[in-house]
Amino acid sequence: ARSGPPASPIAEQARTAPDLAALRAGVAACTACGLCATRTQTVFADGSGSARVLFVGEAPGAEEDRTGVPFVGRAGQLLTDIIVKGMRLERADVAIVNVLKCRPPENRDPTPEEKALCTPWLERQIELFDPKVIVALGRHAANFMLGTDGLAMGRLRGRVHRHAGRTIVPTFHPAYLLRSPGEKQACWQDIKLALAELAKGE
């Protein structure tokens, strides 16, 4: 499993958090990396996860940093449409998180150290939400969730992955779909794969 430094107090705090409320409080107080100095607030999660679907993005943006909620703004509205209109689920019933809980300045890519330090929070979120299907949004999140490095979305999407005991379906990030609407149909094919996994055993 991915983790931060072996002696990281964050890893221990995340691992022992008994519930999401305690984990959220731990994230809010985190000062493990320099992003704590530039954030407005941490961005923990949205939704209850009762539908057993977890969406994972890369990092908060400016709107997320302002509101404390992941995937708001235009990209967030498109994700909501995918969930509500496409999957026929309520946004409140899925769970939405990012690999990073703080916004990198100017929306730059997270550094490997930032991702490593933040990973224990995400790993505990996954344990507590316990999703049946994880939908990784975008190349960065997909590579991170699958333990791969720098693979293009064309190599990752279009199929179901099993990694670290979890079912993962990578697809395009909503922000990319806003720039490349021609890929929306391919995204829908990925979402149908996630729905088929969700329906198994029911």
>> Return the pair list, or none, for Cβ contacts closer than 8 Å from residues in segment 176-200 that are over 15 Å from residue 85 (Cα atoms) to residues that are open to solvent by less than 30 Å² (accessible area, probe 1.4 Å) and assigned to a helix (DSSP H, G or I), at least 6 apart or on different chains.
In response: 177/78; 177/187; 178/75; 178/78; 183/177
>> Can you tell me how many residues within segment 115-125 are surrounded by fewer than 21 Cβ atoms within 10 Å (Cβ to Cβ) and either charged (D, E, K, R) or outside any helix (DSSP H, G or I) (or both)?
In response: 2
>> If a residue must be under 24 Å from residue 75 (Cα atoms) and either over 16 Å from the mean Cα position of the chain (by Cα) or open to solvent by 40 Å² or more (accessible area, probe 1.4 Å) (or both), how many such residues does segment 142-152 contain?
In response: 3
>> Between 139, 108, 91, which is over 17 Å from residue 14 (Cβ atoms), in contact with a Ser or Thr (Cβ under 9 Å, 6 or more places away or on another chain) and open to solvent by 10 Å² or more (accessible area, probe 1.4 Å)?
In response: 91
> Is it the case that residue 201 is in a loop (DSSP other than H, G, I, E, B) and of a type in the set (Gly, Ala, Ser)?
Replying inline: yes
> Scanning for something of a type in the set (Lys, Arg), surrounded by fewer than 16 Cβ atoms within 10 Å (Cβ to Cβ) and either touching a residue at least 60 places away in the same chain (Cβ under 8 Å) or in contact with a strand residue (DSSP E or B) (Cβ under 8 Å, 6 or more places away or on another chain) (or both), does segment 52-72 turn up at least one residue?
Replying inline: no
>> Can you tell me how many residues within segment 162-186 are touching a helix residue (DSSP H, G or I) at 6+ places or on another chain (Cβ under 6 Å) and either farther than 14 Å from residue 137 by Cβ or open to solvent by less than 20 Å² (accessible area, probe 1.4 Å) (or both)?
In response: 8
>> Checking the condition outside any loop (DSSP other than H, G, I, E, B) and modelled with pLDDT of 95 or more, which residue from 100, 128 passes?
In response: 128
> With respect to residue 150, is the statement that it is of a type outside the set (Lys, Arg), without any contact (Cβ under 8 Å) to a residue 24 or more places away in the chain and not in a strand (DSSP E or B) true?
Replying inline: yes
> So is residue 28 farther than 30 Å from residue 197 by Cα, without any contact (Cβ under 8 Å) to a residue 40 or more places away in the chain and surrounded by fewer than 23 Cβ atoms within 10 Å (Cβ to Cβ) or not?
Replying inline: yes
> Being touching a Ser or Thr at 6+ places or on another chain (Cβ under 7 Å) and either part of a helix (DSSP H, G or I) or not hydrophobic (A, V, I, L, M, F, W, C) (or both), is that true of even one residue in segment 53-63?
Replying inline: no
>> residue 119 - would you say it is farther than 17 Å from residue 187 by Cα, of a type outside the set (Gly, Ala, Ser) and over 12 Å from the mean Cα position of the chain (by Cα)?
In response: no
> What is the one condition in (1) under 30 Å from residue 201 (Cα atoms); (2) not in a strand (DSSP E or B) that residue 43 does not satisfy?
Replying inline: (1)
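The values are calculated or read from the model by the stated rules, or taken from the named source; none is laboratory data. Please read these numbers as outputs of a predicted model, since none were measured by experiment. Glycine also receives a Cβ, built like all others from the backbone with ideal geometry; neighbour counts cover every protein chain displayed. These area figures cover heavy atoms from the full protein model, side chains too; ligands, DNA and RNA do not enter into them. Shrake-Rupley method; radii C 1.70, N 1.55, O 1.52, S 1.80 Å.
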